[in-house]
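For reference, the structure is listed below as structure tokens.
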Amino acid sequence: MQKTQDERRKTRDVFRLYSHLFLSHNRAMSDGVRLDQYLDCACLMKTRSQAKTAIELGRVLVNGQRVKPSHLVHAGDSISIEHDYHKRILKVAKILDKHVAKVEARTSYEDLTPQPSEEVLEQRKLDRRLKQMWTPDTKPDKADRRRLRRIKGGG
């Protein structure tokens, strides 16, 4: 059954009448920026791929919930980031979608993280000392590399 020209015209007029509602709703939804992109631009992660990996592993929560890297972040959202020995809690103050200077990037969020306890600070110091102990002072020379190869069973 085909529509007459009057029915088509009515349908088109109704669409024109109500289309602004749908378009304004989509525009309001797009005011945010992707979470992985925000973490990169706000200098909270070194790269966007690092941010994406951390989000996928569940180390980054938005408003207390696990989200995907494509989740849109808006001003006022709460972001918590788990690092090795501490958890950073941030509140988004303004949206960044481009790389800016670090000083300006730090103004895009409010840091709500409580001060670390004495045990955590002591653990960090111990880890730094252990890392220094296990890191060799120089690169192995040719003789050292051959000895290592023999120890590992490479011939």
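The values are calculated or read from the model by the stated rules, or taken from the named source; none is laboratory data. The shown structure was predicted, so the numbers you read here are calculated from the model rather than taken from an experiment. Here Cβ is always computed from backbone atoms with ideal geometry, including for glycine, and neighbour counts include all displayed protein chains.
Looking at this structure, is Gly153 at positive phi and not assigned by TED's automatic domain parsing to the domain that holds Asp40? Criteria met by Gly153. Could you say whether any residue in the stretch 128-149 is surrounded by 10 or more Cβ atoms within 10 Å (Cβ to Cβ), touching a helix residue (DSSP H, G or I) at 6+ places or on another chain (Cβ under 7 Å), modelled with pLDDT under 95 and over 22 Å from Ala54 (Cα atoms)? Yes, the stretch 128-149 has at least one match.
Here Gly64 fulfils each of the conditions (1) over 29 Å from Asp127 (Cα atoms); (2) surrounded by 12 or more Cβ atoms within 10 Å (Cβ to Cβ); (3) not β-branched (Val, Ile, Thr) apart from (2). I'm checking my understanding of the structure. Among residues of the stretch 106-149 that are assigned to a helix (DSSP H, G or I) and of a type in the set (Asp, Glu), which one is farthest from Lys87 (Cα to Cα)? Filtering the stretch 106-149 for residues that are assigned to a helix (DSSP H, G or I) and of a type in the set (Asp, Glu), the one farthest from Lys87 (Cα to Cα) comes out as Asp144.
Answer yes if at least one residue in the stretch 68-83 is out of contact with any strand residue (DSSP E or B) (no Cβ under 9 Å at 6 or more places or on another chain) and closer than 22 Å to Val120 by Cα, and no otherwise. Yes, some residue in the stretch 68-83 is out of contact with any strand residue (DSSP E or B) (no Cβ under 9 Å at 6 or more places or on another chain) and closer than 22 Å to Val120 by Cα.
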